[in-house]
Amino acid sequence: MMKNTISERVADFLEHFPPFNELAQDQLATLSKEITIIYKEKDNVIFSENDPPHTSFYVVHKGAVALKRGEKMDILDMCDEGDIFGLRPLIALENYKMTAQAHEETILYAIPIHIFKPYARENKEVGNFLIESFASNTRNPYSKSHRGKLYEEIPNLGPITPEAQLFDLQPVKYSKKLISCSATTSAKEIAEKMTEKKVGAMLVVENKLPIGIITDKDLRNNIVTGKYPITTEASKIMVSPVITYAKSMTITQAQIAMMKSSISHLCITKDGTPNSKAIGILSKHDLMVAIGNNPAVLIKAIQRAKKVKNIRNIRKSITHLLGAYLGQNIPLTLTSKIISELNDACIKRVIQMALDKMPEKPPVAFAWLSLGSQGRNEQLLQTDQDNALVFQNVPEEKMEETTAYFLELSKIINKGLFEIGYEYCPAEMMASNPNWCLSLDQWKKAITQWVTNPGADEILLSSIFFDYNLTYGDITLVNQLSDYIFEITQKYPIFFLHLASGALQNPSPTGFFRQLLVEQDGEHKDFFDLKRRALMPLTDAARVLILSHSVKSINNTPGRYEKLAELEPNNEEIFMACSFATKALLKFRTKQGLLHNDSGRYIAIDKLTKEDKVKLKRTFKTIKEIQELLTVRFKISNILR
Amino acid sequence: MIKFFKKRPPANLPDFWKTYENCFLEKQPEEVNSVRFVVLDTETTGFDYIHDRILSIGALNLINKHIAINQSLELYLIQDHYNAETAKIHGILKNGRGTECITEIEALKQFLAFVGNAVIIAHHTIFDINMINQALERHQLPKLLNKTLDTSTLYKKTLLTSNVFKKKDHYSLDDLAEKFDISMKDRHTAIGDAYITAIAFLKIWTRLKSKGPLKLKDLLKLGS
């Protein structure tokens, strides 16, 4: 027989997911050979509502596919790796009831129905899987708990607010790492183990069956109060019997269960009864993370995360939270502060994990710097990563090995950040690039070079780098770097002139007739570039002004303008207007980004409401004013522009 | 058209070559989505065009962003010449093991029939093409006629052009797999590498398109 390595690769993937795991090896092998691998760009449509059925159904290999319905294209479901979609219409011989659209760059496996169907008929397990999925879907069309992953169901219910409803019915994610003890374990040992494992409850088991549970509260009430000695056995202080559920329970069910018995932990067992093996614990905390409306809970979840993959999921909740905040009109300053804190916590955790992965501790102190919008705390949506690393000076002979260590560390961190959703920087402005992973003295040298020979590239580099913010590590290194920047820029004031003229180079937002200018060509033809035409002039101007005042550690643009207003009371009005305009534009961009699942940079002008257009144009007047101020202050002649 | 035939050596070329040559009478469509690409990788005994030999050929058909698995080609060649050093890398033992091995001429026949007039995509294309051309020459056959694209060259075009950061001269397939988060499974098998190359090409193409519309001729200009 002819060898086919690619079909083996496909089979290896499929066998992990139902119903393919029920197929015999040779069936899976035959099936895999007939599969077509399809690449979809973000937003590409796989099929549209009312399209006649294709000859294949689909499995997501990489990426995500959104299933949408109706005029408003409400998202009904999101299919991740291993999920099946578009199968039912092929079996029922009817048109698609939903639109399937790539939510991000996606690779699909298209499985021809004529190959699959006989297996479904022959193989009882596969057949049952299909029937069960169809049936449960009819009962509860949006339930993710019955994710037989055979969407394309016909919901006969009235209009449903998609996300919210969908969310409540998701299966809960419980902690599978069961921390348990026996009935004779002492309270002291239990407390130690709970501290070590960072959990709030311990299951007491006998022959793998749950017989009781001990929580922080039980230890407090029974031991710390002195009621029982610290050597007391678990059986004396545990709460029994344990409330058990099956793992298929949904978030809503779990909430109700906890409320009903006013407990904070549920035990998940194999069949849902106390007479089967315990497989996990679900805490109120897990539940709140799943609901994801509480930053404090999210922060805790980030700190507890053991794997990069966990953080990736938490970041989805952060986006959810951001949407909710914007919807509730919570002030942007507060919103961006919370979201930045959360993003920062994620990055910090990734760095800690990377440090754990390194064979040795760092040889000297270092600092991880976030640059650009992340550094300015203005990164509400996920964008590219821009970062750098600075480490303490070391003697010449240690230089090579020290650099090698930090480059290796940075490589792991950059990869981790990529995995939690930060794209690699296309210009390689990342700490894993040897040019961005330097000792303090090397950085000083690089900065001197930029400040004393300010060409276009140097200005660009400075404008990205000078917005740095310490994310992790030694603050004294960062302070030394900042002090040096002020020192050198004061010595070479010509640098400000170049930085200011750089700030004036962005294209104008409006044309002669005050119409919004759209891009002339490229992928974003006829779109308005919000970042380059509106936000960048404001951030660039704030940077040069604040630098010329030698103000340290205010990185965020609205904050910088507020500080400037304080420093120059005569210009208070314009600076406050700039602060306001920046906030308005950031909010605008974030809303657009959430709406279209992108960076929000490019705006379709014809889709904007009249009100939004007016809002947008109002900020342009402010941009023009601040640019005039820069021109006058730094005496920028037309030659330089 | 007549000129086209005059250019070819008049020798008595076998029928399978003539069939291959005739494929090129058909012009390639301009729309990239309609173009048939063949993503190619060869595993060889080494890097010397004269002395080293092809161990295996892996090729995938790519049309309209679809790769049909049953339309792929995976060939293992019988070896006279053998280099124990490189075999360690790709794990192909002399004359294979458990897989059917065919002669060089039979492999060329099957490859030509498979590739037809498709545009060939490979990583460091020049190497694979030269290896195949050398094999063709050993059998008194002319060189390949296909247009080619190189993912190594194309990838560089997706990177920003700026003095701020220096592009490497060469990006390895490992570099691309890492950048684009493509699983390195089956790395160093011809077909496995061809698959990584195919996915990398698709991702590169998406990124290039974002800079402006792309016709086949533009792609060829960027990545030949």
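The values are calculated or read from the model by the stated rules, or taken from the named source; none is laboratory data. If you're wondering where the values come from, they're calculated on a predicted model, not measured in any experiment. A quick note on method: Cβ atoms are made from the backbone with ideal geometry, for glycine too, and the neighbour counts reach across all protein chains shown.
Which of the residues spanning region A:214-233 are over 14 Å from residue A:186 (Cβ atoms) and among the hydrophobic types (A, V, I, L, M, F, W, C)? Within region A:214-233, A:224 is the sole residue that qualifies. The C-beta contact set for region B:208-224 (first residue within 10 Å of chain A (Cβ to nearest Cβ), second residue charged (D, E, K, R), distance under 6 angstrom, 6+ apart or interchain) comprises B:210/A:523. Here residue A:83 does not fit the description of being crowded, with 21+ Cβ neighbours inside 10 Å, within 24 Å of the chain's Cα centre (by Cα) and more than 14 Å from chain B (Cβ to nearest Cβ). On the stretch given as region B:206-220, residues that are surrounded by fewer than 22 Cβ atoms within 10 Å (Cβ to Cβ) and either of a type in the set (A, V, I, L, M, F, W, C) or over 17 Å from residue B:159 (Cβ atoms) (or both) total 8.
Do you know which residues across region B:57-72 are more than 7 Å from chain A (Cβ to nearest Cβ) and surrounded by fewer than 24 Cβ atoms within 10 Å (Cβ to Cβ)? Matches in region B:57-72: B:61, B:63, B:64, B:71. Just one of the listed residues (B:114, B:180) is over 18 Å from the mean Cα position of the chain (by Cα) and among the aromatic types (Phe, Trp, Tyr), and it is B:180.
Considering A:334, A:342, A:326, the condition of being free of Cβ contacts under 8 Å to residues at least 40 places away in the same chain and farther than 27 Å from residue A:434 by Cα is satisfied by A:334 alone.
Residues of region B:150-157 include at least one that is over 14 Å from the mean Cα position of the chain (by Cα), under 30 Å from residue A:11 (Cβ atoms) and surrounded by 20 or more Cβ atoms within 10 Å (Cβ to Cβ).
One residue stands out among those in region B:25-56 that are within 14 Å of chain A (Cβ to nearest Cβ) and among the acidic types (Asp, Glu): the one that is farthest from the chain's Cα centre (by Cα), which is B:43. Within region A:78-107, the only residue that satisfies the criterion of being in a loop (DSSP other than H, G, I, E, B), of a type outside the set (Phe, Trp, Tyr) and in contact with a Pro (Cβ under 6 Å, 6 or more places away or on another chain) is A:95. Can you find a residue that is within 27 Å of residue A:348 (Cβ to Cβ), modelled with pLDDT of 80 or more, in contact with a strand residue (DSSP E or B) (Cβ under 9 Å, 6 or more places away or on another chain) and among the aliphatic types (A, V, I, L, M) anywhere in region A:269-281? The answer is yes; a qualifying residue exists. Quick check on residue B:222: is it in a helix (DSSP H, G or I), within 16 Å of the chain's Cα centre (by Cα) and closer than 19 Å to residue B:40 by Cβ? Judged against the criteria, residue B:222 is not a match. Regarding region A:53-62, can at least one residue be identified that is part of a loop (DSSP other than H, G, I, E, B), in the same structural domain as residue A:17 (by TED's automatic domain parsing) and under 21 Å from the mean Cα position of the chain (by Cα)? Within region A:53-62, none of the residues are part of a loop (DSSP other than H, G, I, E, B), in the same structural domain as residue A:17 (by TED's automatic domain parsing) and under 21 Å from the mean Cα position of the chain (by Cα).
This table checks each residue for (1) farther than 22 Å from residue A:313 by Cα; (2) surrounded by fewer than 22 Cβ atoms within 10 Å (Cβ to Cβ).
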residue: A:42; (1), (2): no, yes
residue: A:53; (1), (2): yes, yes
residue: A:59; (1), (2): no, no
residue: A:62; (1), (2): no, yes
residue: A:88; (1), (2): yes, no
residue: A:93; (1), (2): yes, yes
residue: A:97; (1), (2): yes, yes
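Out of A:75, A:46, A:38, one residue alone is in a strand (DSSP E or B) and away from every other protein chain (no Cβ under 14 Å). It is A:75. All of B:132, B:126 fail the test of being away from chain A (no Cβ under 11 Å), surrounded by fewer than 19 Cβ atoms within 10 Å (Cβ to Cβ) and closer than 27 Å to residue B:14 by Cα, apart from B:126. Scanning region A:406-429 for residues that are buried (at least 20 other Cβ atoms within 10 Å of the Cβ), more than 10 Å from chain B (Cβ to nearest Cβ) and farther than 15 Å from residue A:311 by Cβ gives A:406, A:409, A:410.
Has region A:467-478 got at least one residue that is more than 18 Å from residue A:393 (Cβ to Cβ), in contact (Cβ under 8 Å) with a residue 60 or more places away in the chain, away from every other protein chain (no Cβ under 14 Å) and among the acidic types (Asp, Glu)? Checked against the condition, which is being more than 18 Å from residue A:393 (Cβ to Cβ), in contact (Cβ under 8 Å) with a residue 60 or more places away in the chain, away from every other protein chain (no Cβ under 14 Å) and among the acidic types (Asp, Glu), region A:467-478 yields at least one hit.
Evaluation of residue B:185 against the conditions (1) touching a helix residue (DSSP H, G or I) at 6+ places or on another chain (Cβ under 7 Å); (2) in a loop (DSSP other than H, G, I, E, B); (3) more than 8 Å from chain A (Cβ to nearest Cβ); (4) farther than 13 Å from residue B:159 by Cα shows that the sole unmet condition is (3).
Based on what the data block shows, is residue B:178 within 12 Å of chain A (Cβ to nearest Cβ), part of a helix (DSSP H, G or I) and free of Cβ contacts under 8 Å to residues at least 12 places away in the same chain? Yes, satisfied.
The set of residues in region A:442-456 being more than 14 Å from residue A:496 (Cα to Cα) and exposed (fewer than 13 other Cβ atoms within 10 Å of the Cβ) consists of A:445, A:449. If you check A:201, A:191, A:187 for being under 28 Å from residue A:305 (Cβ atoms) and buried (at least 18 other Cβ atoms within 10 Å of the Cβ), only one passes: A:201.
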